[in-house]
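*Asks:* Structure provided below as structure tokens; questions to follow.
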Amino acid sequence: MSATMHTQELQWLPPEGGPARTITVTISPPEPQGDMYAAVIDIAGFDEPCTKRIYGADAEQAAELANKTVPALLDLRARGGTLTPTD
């Protein structure tokens, strides 16, 4: 699978002030990885990009775990700033 499963843009206002930034979150469709499946989360727009591979026993579990992991990753990178969906 090579199509994007889910992409969302958010606006981030840094806690220290400064201009708002666009943050893009992309979750790839799960793909087989040995006897498991993995979905890749990409987060761009913060000072450092973030890419995490999330594993599950099957494609459905990998997708579900990836979706549940995104809020924690965003919270860590936002450092107390404000994130607002742009959609």
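Quick note: the coordinates plus some simple rules give every number you see, no bench work behind them. Everything quoted here is computed from the prediction, not taken from an experiment. Neighbour counts are summed over all protein chains in view; Cβ atoms, including those assigned to glycine, are modelled from backbone coordinates with ideal geometry.
*Asks:* Give GLU48, GLU9 a once-over and let me know the one that is in contact (Cβ under 8 Å) with a residue 40 or more places away in the chain and either surrounded by fewer than 13 Cβ atoms within 10 Å (Cβ to Cβ) or within 23 Å of GLY80 (Cβ to Cβ) (or both).
*Replies:* Sole residue among the options that is in contact (Cβ under 8 Å) with a residue 40 or more places away in the chain and either surrounded by fewer than 13 Cβ atoms within 10 Å (Cβ to Cβ) or within 23 Å of GLY80 (Cβ to Cβ) (or both): GLU9.
*Asks:* Only one of PRO19, PRO14 is over 16 Å from the mean Cα position of the chain (by Cα) and surrounded by 15 or more Cβ atoms within 10 Å (Cβ to Cβ); which?
*Replies:* Details: PRO19 fails: surrounded by 15 or more Cβ atoms within 10 Å (Cβ to Cβ).
The match here is PRO14.
*Asks:* Another question, then. For segment 58-87, how many residues meet the condition of being under 16 Å from ILE23 (Cα atoms), of a type in the set (Gly, Ala, Ser) and surrounded by 11 or more Cβ atoms within 10 Å (Cβ to Cβ)?
*Replies:* 2
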